[in-house]
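We did not get these values from a lab; they are worked out from the coordinates using the rules stated. Because the structure is predicted, anything quoted here is derived from the model rather than measured. Positions of Cβ are backbone-derived with ideal geometry, glycine not excepted, and every protein chain shown enters the neighbour counts.
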Amino acid sequence: MSYEPQQSPVAPMATSRLWTAGASGGLAVIILLVLAVMQPAVAGWMVMGAVAVAFTTWFVNRRPVSGAAYAPLVSEIPAEATGDTGLMTDVFEASFDPMMIISGGEADDIAGRRIVLANAAARELFPVSAAGGLLVAVIREPTVLEAIDDALFTGEASRVDYISGGANERHWRAQVHPLPEREGFAYEGQVRPEALVLLTLKDETDLRRIERMRVDFLANASHELRTPLASLSGFIETLKGHAKDDPKARDRFLDIMATQADRMSRLVADLLSLSRIELNEHIAPDGRVDLSRATSDVLDAVSVLSRERQVTVEADLGIGGADVIGERDEIVQVVQNLVDNALKYSSAGGKIEVTIERGRTLDETFQSRMADSTRLSLVTPDREQGARYVVVTVRDHGPGMAREYLPRLTERFYRIEGQKSGERQGTGLGLAIVRHIVIRHRGALSVESAVGSGALFAAAFPLAPDRKSVATQPIEEIF
Amino acid sequence: MNQHTVKAYGDELNQLTAEVVRMGGLAEAQVADAIESVARRDVALARAVIERDLKLDTLHYDIEKKAIRLIALRQPVASDLRRTLGAIKLASDLERTGDLAKNIAKRALILAEGEPMQLLTRSIERMGRLVSNRLRDVLDAYTASEVERAMSVWQTDDEVDEHYNALFRELLTYMMGDPRTITACTHLLFMAKNLERIGDHATNIAETVHYEITGEDMMGERPRAVPAPGEDAAPTPTLTGNDAPSAD
């Protein structure tokens, strides 16, 4: 819990003056009475003194309860305030949006901006403890810092949109709202009234993505569908015109039209799946997939095609221990696309090698696997302490790629200049889809290649924790 | 961190670090905005980047002054001294980064006057993303005092070089194909070079962070795949038919 409800400073306590005044008065009366019994000579005086002390004590004790001095302070804080603090804290903690309360300190000292409270969502997003810490250690975005300064020292509320970078980009709307000054947020022993602001972050990634997806989809679809559509309408015109009564030409044209229509439908399917994956890119999947089993399923499915093209597929998959966090369909699609690619660029009699590597650290997944080649990382995940990965590698012995083409490989519709288009022409989206799936899974993707000796793609996915520890974790949390 | 008996001393050190982090945030935003202004042909944003560079210079000056004051008055030793010196080094690296971002923004203004060259600006954008991510990683490593993260940035510097080399060839091919694009392509080439330099500054910062935390220098040569074109004799890209496969 980030916020300890503090006892109200005006609540009567055991050590308060009320109590001590009564006690000391009582004590004095008792002493005087004892003295009166022991010294009968002055007993009258002692009894009179005891009565006087008792009266004074009663008078003093009576005052605070009905007196005017404490009344306004008490009435300022509603009676149920202590009960409500707990509820307020719970509400603050439960909010889905990350919220932080920031104190000001000196205006010209950036180290004075400290997070004094952060709710659960904020603590999940940033490396901040419930007790707070330096603001700049958490947010460096200058526009947000400026907005916070404005709110702290001129009392102006404002909104700022910003993008947090990293492997998974996110769009945030930061709302800054000044709070009334408050004493008691002691920072290292100094207690003074400090300006406070409430910073609320709203995740607007979904909205922005939908917007961008619509634009991208329209642009891509209209651009890429234009060519096959033009050729289709050309053939239709010919069929209506002078090829009307030529059955031989008609058959040939219809075949070409079927191929074009097929390509168009594949393109639309790929574009749709790319859009869907991009849209969900910032939401990490939470399923469990056995990567080696998924890979062997894909290899079974392509076995017909590979036999047809006389390409041998060598697989070294192993059994078990390759469970990764991910969505099965998407992971299958990654392996499928990589294997399809390898098949496409293998000539008859060629060989494709598929392997699974288990329990690799991030640095190990980046190691070079092909001699005398250029390696380039296409997706690098944010580094997490102690994260392990399962890597699937697909290697072909095709013509390979020159190093200067590697950085653009995952671009949509990117084609290397002068390449021969294969029999089964691709849509130009395969690797783009792979890239976005890997980003969504917080995985890594790299390519190695050299002209003349083929290419090797390695896709790494985060290893799922052991089932056992998953099962016991909630129990440990309860106790 | 160590506890200081003199309260104000620790405060001053923390303040210095916080100032550097703030400056880092500003430099990061400058780089990101400069790239954005190129990608979107946003003249207003480019102008804003150029204007904001002054702020980075002021911050650099402030940090240096504070660090010198701290050294003179408190005579820091060991990790405190490294922290103070690290602040000075980081501030000057970040200031240079800001200058390079400003230069990119200036070129973006010129590019915005000509025809759009989406294919090439997209390559710049991709390289820019990579470089900003590295800058972000290394600043995260600085704020969290994570040696490992700083090391990983240091070790992957060749990725930036690889992107730069690819972009260099791409631009050369373009200029050979259509001499009218030479002016624009030259500006893009300088932008790529600037981004590569920003990547170098990120690597420098990684070294400083490593030194600040461990007290030891990074050992060994920075991994580097090949000499970058433009520095050594660059092999001319082949324009003849290339049978390399495409990415699907």
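Counts of other chain beta carbons within 10 angstrom of each beta carbon in peptide A:393-406 average 4.
Stokes-Einstein diffusion for region B:1-85 at 20 °C, viscosity 1.002 mPa s, with a Kirkwood radius from C-alpha pairs, works out to 146 µm²/s. Computed from label points 7 Å out along Cα-Cβ, the spacing between A:A221 and A:M48 is 10.7 nm. For the residue pairs B:K102/B:K193; B:K66/B:K102; B:K65/B:K89; B:K65/B:K102; A:K248/A:K344, the C-alpha atoms sit more than 21 angstrom apart in B:K66/B:K102; B:K65/B:K102; A:K248/A:K344. Here the calculated FRET efficiency for A:D90 and A:E124, from their Cβ-Cβ distance with R0 = 22 Å, stands at 0.85, rounded to the nearest 0.05.
For the listed peptides A:339-345, A:160-166, a ranking on the average number of other beta carbons within 10 Å per residue, highest first, reads A:339-345, A:160-166.
Annotation note: GluC sites (Glu not before Pro) in region B:163-222 located in DSSP loop regions with a Cβ neighbour count of at most 10 within 10 Å are B:E216, B:E221.
Inter-chain Cβ neighbour count for B:167-175, averaged per residue, equals 2 (cutoff 10 Å, partner chain atoms only).
From the Kirkwood radius over Cα pairs of region A:149-268, Stokes-Einstein at 25 °C and 0.890 mPa s returns a whole-number translational diffusion coefficient of 120 µm²/s.
As a calculated quantity, the FRET efficiency between A:E156 and A:S231 at R0 = 51 Å, using C-beta atoms, amounts to about 0.25. Computed 3J(HN,Hα) for region A:278-291, one whole-Hz value per residue from the Karplus formula 6.51 cos²θ - 1.76 cosθ + 1.60 where θ = phi - 60°, is 4, 5, 9, 4, 7, 9, 5, x, 10, x, 10, 10, 7, 5, glycine and proline marked x.
Ignoring aspartates and glutamates fewer than eight residues from B:K55 along the same chain, the ones with Cα atoms less than 12 angstrom from its Cα are B:E95, B:D99. Highest mean packing first, where packing is the average number of other Cβ atoms within 10 Å per residue, the peptides A:258-264, A:360-366, A:378-384, A:444-450 line up as A:444-450, A:378-384, A:360-366, A:258-264. Highest mean packing comes first when the peptides A:369-376, A:115-122, A:100-107 are listed by Cβ atoms within 10 Å, giving A:115-122, A:100-107, A:369-376.
Using alpha carbons only, the radius of gyration of region B:7-214 set against its Kirkwood radius gives Rg/Rh = 1.05. The aspartates and glutamates within cross-link reach of A:K351, meaning a Cα-to-Cα straight distance under 15 Å and a gap of 8 or more places when in the same chain, are A:E308, A:E314, A:D316, A:D340, A:D396.
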